[in-house]
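The values are calculated or read from the model by the stated rules, or taken from the named source; none is laboratory data. Note that the coordinates shown come from a computational prediction; the quantities given were computed from them, not determined experimentally. Please note: Cβ atoms are built from the backbone with ideal geometry, for glycine as well, and neighbour counts cover all protein chains shown.
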Amino acid sequence: MGLDIYFYASEKRGADKSRIPGSRYAEADSDGDIEVGYFRKVNALFKWVHDHIGAFENCEKVPVTEAHLRALQQDLLALTPENCQTRFPTTEGFFFGSTAYDEVYWADVEDVRRWLSGITETFDFEAESLCFVAWW
């Protein structure tokens, strides 16, 4: 049990499918979604989405725009030990993991930064939709 965070991509209706990298959707689930990101117990990411995109329920699909990803990327690029408690704060929750600003927190930050770097370079927001899902 714990906080699992997923990012799913889906094809937009009528989109030019030749623009989508490879055969990404060959492995799509029954809803036509494909997992493009996963994080475990990164409760600061949960809080960031809640505070910057909006409140959500368990397992609710939350649409994520390119502007959202760019804003998150900017916040993480500007993150320091001095501002992390306000710019990318942790949050408590049942089985949400640690709220400490320790080496695990900074490793999670680096994982999210690395994912953002890749997804912002390869995701085609004209042909695909992106959503966030948290399961706790």
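Would you point out the residue of the stretch 101-132, among those that are in contact (Cβ under 8 Å) with a residue 24 or more places away in the chain and β-branched (Val, Ile, Thr), that is farthest from Phe39 (Cα to Cα)?
Thr122
On the given criteria, is Glu82 without any contact (Cβ under 8 Å) to a residue 60 or more places away in the chain, closer than 21 Å to Phe7 by Cα and acidic (Asp, Glu)?
So Glu82 does not fit the description; no.
Out of the residues in the stretch 26-64 that are part of a loop (DSSP other than H, G, I, E, B) and modelled with pLDDT under 95, state the one that is surrounded by the fewest Cβ atoms within 10 Å (Cβ to Cβ).
Here the answer is Ser30.
Any idea which residue in the stretch 94-113 is surrounded by the fewest Cβ atoms within 10 Å (Cβ to Cβ), counting only those that are touching a Leu at 6+ places or on another chain (Cβ under 8 Å) and not in a loop (DSSP other than H, G, I, E, B)?
This residue is Arg113.
Could you tell me which residue of the stretch 74-93 is surrounded by the most Cβ atoms within 10 Å (Cβ to Cβ), considering only residues that are of a type outside the set (A, V, I, L, M) and more than 16 Å from His50 (Cα to Cα)?
Cys84
Across the stretch 93-136, what is the total count of residues that are modelled with pLDDT of 95 or more and either over 17 Å from the mean Cα position of the chain (by Cα) or among the basic types (Lys, Arg) (or both)?
Here the count works out to 9.
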